[in-house]
Amino acid sequence: MKKTIAVIGANGFVGRAICKEIIKYEKFELLKITRLDDMAKLIDKSDIVIHSANSSKRYYANNNPKEDFFDTVEKMFQIKNMAANKKMVLISTASARVQLNTPYGRNRRACELMIDQSKNLIFRLGPMFGSENYKGPLYDIIKNNRVYVDEKTKYAYVSVEYNAKKIVELLNRTGIIELGAKNAIELGYLKEKIGSTSIFEGHNDTQILSTTQKDAPDSFDVITFAKKEILDNIK
């Protein structure tokens, strides 16, 4: 019998990739949930609820902590109540572990604490790349913009497609799983390899995962992605 999976935030960067992965499986039925949908009604029809709608805008969250709280923690509380007796899968971030000194990290961690880890699942994602992601240090480096972190910052970059694949593969698990590359690349080195003219200013924002999957890719694959993006923009 097919299991119905509701994806909240189906039009987002991560949510869209998860939806593309789910439809590859005959054993799953997909329900996409966006801001315009009747969330409670669609969640009621599902067996598994994937919440991928929390914003990734760290700068906004840290400068507007109250607004971010209502958009993440309050929303998580509402979704949790709607999804009572359903398996919940929260798409979180490594910031919930490494950036608890910021509103962004604390609010994402607060969302995690609402989850009963013995029955449900949390994915903490590190920095990602993908052709539909138009914000963050990687995008700024590709566009030769100013980058608001230190050049010695290291990120465990992976493609959003890899993370989506692992999320769907591991849906039967419980607890917290961190997803990202098996290593990390320094942003200053990335800038040099793609010939960017970006200038860095800010703190060291290194995010290295505590655990990785056996098939975790190499973070240096982001160089190939960045070079292709630059060539595609020239054409």
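The values are calculated or read from the model by the stated rules, or taken from the named source; none is laboratory data. This one's a predicted model, so the numbers in the text were calculated from it and none came from an experiment. With ideal geometry, Cβ positions are generated from the backbone for all residues, glycine too; neighbour counts draw on all protein chains shown. For the accessible areas, the whole protein counts, side chains as well, though only heavy atoms, and no ligand, DNA or RNA atoms are used. Shrake-Rupley method; radii C 1.70, N 1.55, O 1.52, S 1.80 Å.
Scanning the range 1-46 for residues being open to solvent by 10 Å² or more (accessible area, probe 1.4 Å), among the aliphatic types (A, V, I, L, M), over 25 Å from Ser95 (Cα atoms) and not in a loop (DSSP other than H, G, I, E, B) gives a total of 5.
So how many residues does the range 91-113 have that are hydrophobic (A, V, I, L, M, F, W, C), over 19 Å from Val14 (Cα atoms) and assigned to a loop (DSSP other than H, G, I, E, B)? Break it down into steps so the answer makes sense when it comes.
First, the residues of the range 91-113 that are hydrophobic (A, V, I, L, M, F, W, C): 91, 94, 96, 98, 100, 110-111, 113.
Narrowing the set further to residues that are over 19 Å from Val14 (Cα atoms) leaves 98, 100, 110, 113.
The next check asks that each one be assigned to a loop (DSSP other than H, G, I, E, B); those that pass are 100.
Result for the range 91-113: 1.
Working only within the range 47-93, note down all residues that are within 21 Å of Leu36 (Cβ to Cβ), open to solvent by 50 Å² or more (accessible area, probe 1.4 Å) and in contact (Cβ under 8 Å) with a residue 40 or more places away in the chain. Across the range 47-93, the qualifying residues are Ser56, Lys57, Met82. For Leu138, the criteria (1) at pLDDT below 95; (2) over 20 Å from Ile50 (Cα atoms) hold in every case but one, which is (1). Regarding the range 50-69, can at least one residue be identified that is in contact with an Asp or Glu (Cβ under 7 Å, 6 or more places away or on another chain) and hydrophobic (A, V, I, L, M, F, W, C)? Looking through the range 50-69, at least one residue is in contact with an Asp or Glu (Cβ under 7 Å, 6 or more places away or on another chain) and hydrophobic (A, V, I, L, M, F, W, C).
The residues of the range 162-186 that are among the small types (Gly, Ala, Ser) and without any contact (Cβ under 8 Å) to a residue 60 or more places away in the chain, listed by number, are Gly175, Ala181, Ala184.
So that you can scan it fast, the table gives a plain yes or no per residue for (1) open to solvent by 50 Å² or more (accessible area, probe 1.4 Å); (2) modelled with pLDDT of 95 or more:
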site	(1), (2)
Asn145	yes, yes
Tyr155	no, yes
Glu161	yes, yes
Leu170	no, yes
Leu179	no, yes
Glu186	yes, yes
Ile208	yes, no
Thr212	yes, no
Phe220	yes, yes
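Considering the range 104-118 alone, what residues qualify as being surrounded by fewer than 17 Cβ atoms within 10 Å (Cβ to Cβ), touching a residue at least 12 places away in the same chain (Cβ under 8 Å) and not small (Gly, Ala, Ser)? If the condition is that a residue be surrounded by fewer than 17 Cβ atoms within 10 Å (Cβ to Cβ), touching a residue at least 12 places away in the same chain (Cβ under 8 Å) and not small (Gly, Ala, Ser), then Met114, Gln117 are the ones that fit.
Take the conditions in contact with a Cys (Cβ under 7 Å, 6 or more places away or on another chain), modelled with pLDDT of 95 or more, closer than 26 Å to Asp38 by Cβ and surrounded by 21 or more Cβ atoms within 10 Å (Cβ to Cβ) and apply them to Leu121. Does it pass?
Working: in contact with a Cys (Cβ under 7 Å, 6 or more places away or on another chain): no; modelled with pLDDT of 95 or more: yes; closer than 26 Å to Asp38 by Cβ: yes; surrounded by 21 or more Cβ atoms within 10 Å (Cβ to Cβ): yes.
Taking the combined requirement at face value, the residue does not satisfy it.
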